[in-house]
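First comes the structure, then the notes that go with it.
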Amino acid sequence: MNGLVELSPWVEIPVAILLVLSSLFALIGAVGMLRMKDYFQRMHPPALATTLGSWAVALASIIYFSALKSGPVLHAWLIPILLAITVPVTTLLLARAALFRKRMAGHDVPAEVSSKRSESGN
């Protein structure tokens, strides 16, 4: 016995479609990153593609392993949920660091919003 389990095509086909869809998201993100000319524009395609691709892989994993175990296996949702929390935070921190570096280099970038201006408006 080789340990392989044959699943129904009703399980294998959606899993295969979701995995191919995930790889297409990664490819679209890579092409989008190459086409953008500025660092700030290049940040968006990979972040969006990573989010959509991870959800597709997690859903494929849930379908496949739930069919193997004959019951719901939902712990794969933890990965895209954590990515949905951390990707925007890291993207924001990277954007702020790049903006700070541009300011320090003397480039013409948007001015920093000071807390004094927001306090005086109240």
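Could you give me the ³J(HN,Hα) list for region 22-38, computed from phi with Karplus coefficients 6.51, -1.76, 1.60 and θ = phi - 60°, whole Hz, x at Gly and Pro?
5, 5, 5, 4, 5, 5, 4, x, 5, 5, x, 5, 5, 7, 6, 9, 10
With θ set to phi - 60° and the Karplus curve 6.51 cos²θ - 1.76 cosθ + 1.60, what are the ³J(HN,Hα) couplings of region 52-64 in order, to the nearest whole Hz, using x for Gly and Pro?
5, x, 5, 5, 5, 5, 5, 5, 4, 5, 5, 4, 5
Tell me the relative contact order for the chain as a rounded percent, counting alpha carbon contacts under 8 Å between residues six or more apart. All intermediate terms of the calculation are to be shown ahead of the outcome.
Details: 87 pairs, mean separation 26.4, N = 122.
Dividing the mean separation by the residue count of the chain yields 22 percent.
Measure of size requested: the Rg and Dmax of the chain, with Cα atoms as the atom set and Å as the unit; please supply both.
Calculated on Cα positions, Rg and Dmax stand at 21.3, 76 Å.
What residues have an amide H closer than 5 Å to that of Val73, excluding those fewer than 5 places away on the same chain, when H is modeled at 1.01 Å from N in the peptide plane?
For Val73, whose amide H was placed from the backbone, the distant partners under 5 Å are Ser66.
Which value at 222 nm does the chain reach when only helices count, each DSSP H run of 4 or more adding -39,500 (n - 2.57), with the total divided by all residues and rounded to the nearest 500 deg cm²/dmol?
Result for the chain: -25000 deg cm²/dmol, rounded to the nearest 500.
Every number in this text was worked out from the coordinates using simple rules, so none of it is lab data. Nothing here was measured: the structure is a model prediction, and the numbers come from that model.
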